[in-house]
Amino acid sequence: MIGILSKARQARVVEEFFELFKTPWEFYRPERTYDVIIATADTVPEVHPKLLVVYGPCTKDIDSRFGFEAGKRNQGAVLTTVDHILPVYGALLTFAAGTCGNEQEAIPNPGGVSALTPQGAVIRLGYDLFDEVELLLTSGQPIEYAHVPTLDLHIMLLRKWIVQAGVAFVEIPPNPANHSFVACLTHDIDFIGIRNHRFDHSMWGFVLRGTIGTLRRYFKGQLSFSNLVRSWMAVASLPLVYAGWIRDFWEPFQWYLAIENGLPATYFLIPIKGRPGERVPGAHPSRRAAAYDVHEHAGQVAALINRGCEVGLHGIDAWFRPDRGREERAAISDTTGSSIPGVRMHWLLHDESSPSVLEQAGFTYDSSAGYNETVGYRAGTSQVFRPPTCEKLLELPLHIQDGALFYSGRLDLSEDQAEQRCASMIAHAITLGGAVTVLWHDRSHAPERFWGGFYQDLIGRLRSSGCWFGSAGQVVAWFQKRRDVRFDACPAGVRLHYEGEPIAPALRIRVHSPRSTRSRAGGGNQSWGGFTDICWTGDRDQQVDTEVSSLMLCTQDNSAGACLV
Ligand SMILES: [Zn+2]
């Protein structure tokens, strides 16, 4: 059990942190003894757990107790560990060189020191963990550190230190049993065909990019000659498309259904034709208006749902007005014939109050926490999380999007470079779990973008990585069920409590034990060793390997078996 000594104002973010690092914890009680104590409070009592981790940018009484000599204080810094960089956004206290214990190689530098005492290890970090987490879950990271899964690294470091301290503990990692991670394929539907765009900004933009733009990409080596020809032919064929004599090459649904071949993608649809919305930044806010009427596409929407796909709202003003959110949600629900659970804002417009505004409008999840300009981790995590201002709504972060990878005004990557960026995010998900959310826009497969081949390869890479594919709603529901599992303390250890629908795919209950070196169950994390995974669907009657249960889980009635209650 971990005891937490935080500042009073941090209670909510502490609770959220331990929904992400799903392991038993409680706020520190003086009468209890703990294997691990994590402190951000100003005063740390005289305690002797196996591992004491103290965070904070101010000098504390424990510093003199353990001989930690404070150095300079900075505002924001990039720390390094052996394998990673770790951006710190708040104040950072550094420590004099030479006090760092060399057996703790995962200590961030500068700003981290450690000491060994006869009772256990002490680690001192010069930043405030829970203030950092709160910042990540609200305003998010700046673009320059988008590629760093900062919040997931904070969890990883803590886990590593607990393991190194020889503490037995249980956790529920954010990847299902028998799957390496979770993948979520999404499409923002901004156009539904070029037929909706006659002599408007989108059409002229297409003509320009489809002729001169493709020529530029061809000479830069970013486009094949055959696609250059296809693009020019598509531009030339526009009158025939408008006349209805040939197929609309921007039409998205058939192409995506064929490529995804049964995978449960999520389509976010714009609710109201011709409405750009209010508070739209930039020089041309009117260009945010969509030219299609969702009600005219009810047949296609029904076909998507019949094929196992999900439909959500691509919101216009829902991000700042709950009444508009309800109106926009109703427009999509009218088309689908049932209430829709989720939203992603068009152009990803948001401010810090948006999650609670969307919650007031009745949404179960939002998936707008991403960047327009780049790919990566706006909240520093692959995990579904609850924004600190919300009671129920969960945020499914957006990680990879086509326009950010390839547009000339954005990352402007070649396909090889883009593949490397995506591969590093997939590698992170394989290592630490979580969901990789991908956005491919509705006309990206077609001329003049031609990003369909890359998308096909990306799906192939995801499939071969052993992930579980869920629609946005399914992924959020899985993370909600993981949150619904409670750890109850009992005399012999910890008891897992869950009431609800069976959990599919099953959770992975991971028992870390310094006595165990074998690992089992799928997932490719074999090299970590020192843990055992149990596959659990939430079923209280499930029989568990007695060898596993004896590691640390308590017994329910003194008979063999882990407590899965
Ligand atoms: Zn959009």
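Below, the figures for the structure above:
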{"item": "Matching residues in segment 279-317 - criterion: being within 13 Å of G337 (Cα to Cα) and either touching a Lys or Arg at 6+ places or on another chain (Cβ under 7 Å) or outside the structural domain of E327 (by TED's automatic domain parsing) (or both)", "result": "G312"}
{"item": "Any hit, segment 481-497, residues being aromatic (F, W, Y) and not in a helix (DSSP H, G or I)", "result": "yes"}
{"item": "Condition check for E46: assigned by TED's automatic domain parsing to the domain that holds I62 and surrounded by 14 or more Cβ atoms within 10 Å (Cβ to Cβ)", "result": "no"}
{"item": "Cβ-Cβ under 9 Å pairs, at least 6 apart or on other chains, segment 229-247 side surrounded by fewer than 12 Cβ atoms within 10 Å (Cβ to Cβ), far side basic (K, R)", "result": "G244/R195"}
{"item": "Filter pass, Y256 being among the hydroxyl-bearing types (S, T, Y), assigned by TED's automatic domain parsing to the domain that holds L269 and under 30 Å from L269 (Cβ atoms)", "result": "yes"}
{"item": "Whichever residue in segment 167-197 is open to solvent by 10 Å² or more (accessible area, probe 1.4 Å) and within 16 Å of the ligand (Cβ to nearest atom) and, among such residues, is nearest to the chain's Cα centre (by Cα)", "result": "D190"}
{"item": "Residue check, G337 on the phi > 0 side of the Ramachandran plot and surrounded by fewer than 18 Cβ atoms within 10 Å (Cβ to Cβ)", "result": "yes"}
{"item": "Where F17 falls short, out of the listed (1) open to solvent by 10 Å² or more (accessible area, probe 1.4 Å); (2) more than 17 Å from I123 (Cα to Cα)", "result": "(1)"}
{"item": "Flag for R410 being open to solvent by 10 Å² or more (accessible area, probe 1.4 Å) and within 16 Å of the ligand (Cβ to nearest atom)", "result": "yes"}
{"item": "Filtered residue count, segment 46-71, keeping only those that are among the hydroxyl-bearing types (S, T, Y) and touching a residue at least 12 places away in the same chain (Cβ under 8 Å)", "result": "2"}
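For every residue, the table says whether it meets (1) open to solvent by 60 Å² or more (accessible area, probe 1.4 Å); (2) farther than 19 Å from I430 by Cα; (3) touching a Lys or Arg at 6+ places or on another chain (Cβ under 7 Å).
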position	(1), (2), (3)
L462	no, no, no
G470	no, no, no
R482	no, no, yes
C490	no, yes, no
E501	yes, yes, no
P505	no, no, no
R508	no, no, no
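The values are calculated or read from the model by the stated rules, or taken from the named source; none is laboratory data. All figures in this text were calculated on a predicted structure; none of them were measured in a lab. Cβ atoms come from the backbone with ideal geometry, glycine included; neighbour counts cover every protein chain shown. The accessibility values were calculated without ligands, DNA or RNA, using every heavy atom of the protein model including side chains. Shrake-Rupley method; radii C 1.70, N 1.55, O 1.52, S 1.80 Å.
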